Each structure stands twice: as C-alpha cells, then as structure tokens.
Amino acid sequence: DLKTATGADYGAGVPDSYGLCTWRVGAATVNDGKGQIVASYGDQPLSLIKSSYTGGVDVTVSGHAGYWNGQQGLQSLWVDLGGGRLFILSLDPVDDGTQAIAQRLAEVAIAKI
C-alpha cells in the first residue's frame, strides 16, 4: 500500500512502546530524510488540534472529518474517528503532493480499522 501511494520502497513498519508505528524508505533505522511515515492514534478532539496548529486545511477522509497541516504539528493528517479518537499520520519530507498521499494512506488504514 505504501509503494502504491508514494512510489517509494518502504521497509516493514516498526511499532514502539508508545503506540506509534514507523515506516522508513529502504532499510533506514532512523529518519534520514528519504521518507518516513508514522501512524498513531490520539485521544483528543479534532477541534483541539485545529486550534493548536492553525494554518492547516479541513479535509474529509472516508467520510470522516480531518485536518491537514504540512507545516506544524509534525506535518500531520488527523482524522476524527468519533468519540474523541483520532487517527494520525505524520510524514517527512513534505512537498506539494504530500497531502494527497496522506489522505490516500489514511483511507487505506481506516478501511482496515
């Protein structure tokens, strides 16, 4: 799914003890600037994110309200799953096409939740 959405070869996802799962391009073990995606969940209302990281844009992902901010908040897409639960994707690096990639990846992930 990552290669289809991004065109890059990502290694296997690596979960950590904080509930994050990180994928990096190739065999990188640290963020080397070639590509990193981090997926996680958060327990806060989307309105708090929007007020904390102003300057982003409202989006809709698989019928869920979302918010993209490629400049602040770890360059992330937050998707409201309801009940104060957010699905979060952080991407690095970010360019003009990253928002669309983040939305495609979130759609894939949400379909599997």
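Some notes on this structure:
- In segment 25-52, the residues that are in contact with a Lys or Arg (Cβ under 9 Å, 6 or more places away or on another chain), open to solvent by 80 Å² or more (accessible area, probe 1.4 Å) and modelled with pLDDT of 95 or more: TYR41, ASP43
- Within segment 45-60, if we keep just the residues that are more than 16 Å from the chain's Cα centre (by Cα) and part of a helix (DSSP H, G or I), the residue that is farthest from LEU74 (Cα to Cα) turns out to be SER47.
- Unmet criterion (only one of (1) buried (at least 17 other Cβ atoms within 10 Å of the Cβ); (2) at pLDDT below 95; (3) touching a Ser or Thr at 6+ places or on another chain (Cβ under 6 Å); (4) of a type outside the set (Phe, Trp, Tyr)) for SER76: (2)
- Evaluation of VAL79 against (1) in contact with a Phe, Trp or Tyr (Cβ under 9 Å, 6 or more places away or on another chain); (2) in a helix (DSSP H, G or I); (3) aliphatic (A, V, I, L, M) (one fails), failing number: (2)
So that you can scan it fast, the table gives a plain yes or no per residue for (1) crowded, with 18+ Cβ neighbours inside 10 Å; (2) at pLDDT below 95; (3) assigned to a strand (DSSP E or B); (4) in contact with a Ser or Thr (Cβ under 6 Å, 6 or more places away or on another chain):
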site: SER90; (1), (2), (3), (4): yes, no, yes, yes
site: GLN99; (1), (2), (3), (4): yes, no, no, no
site: GLN103; (1), (2), (3), (4): yes, no, no, no
site: GLU107; (1), (2), (3), (4): no, no, no, yes
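- Any hit, segment 15-24, residues being open to solvent by less than 50 Å² (accessible area, probe 1.4 Å) and under 16 Å from LEU2 (Cα atoms): yes
- Segment 23-39 residues that are among the aromatic types (Phe, Trp, Tyr), paired with ones that are assigned to a loop (DSSP other than H, G, I, E, B) and surrounded by 11 or more Cβ atoms within 10 Å (Cβ to Cβ) (beta carbon under 8 Å, 6 or more apart): TRP23/GLY11; TRP23/GLY13
- Residue ID - surrounded by the most Cβ atoms within 10 Å (Cβ to Cβ), chosen from residues in segment 1-14 that are at pLDDT 90 or above and under 19 Å from TYR41 (Cβ atoms): LEU2
The values are calculated or read from the model by the stated rules, or taken from the named source; none is laboratory data. If you're wondering where the values come from, they're calculated on a predicted model, not measured in any experiment. Every residue, glycine as well, gets a Cβ built from its backbone with ideal geometry; the counts of neighbours run over all protein chains shown. Heads up: the accessible areas ignore ligands, DNA and RNA and are worked out on the full protein's heavy atoms, side chains in. Shrake-Rupley method; radii C 1.70, N 1.55, O 1.52, S 1.80 Å.
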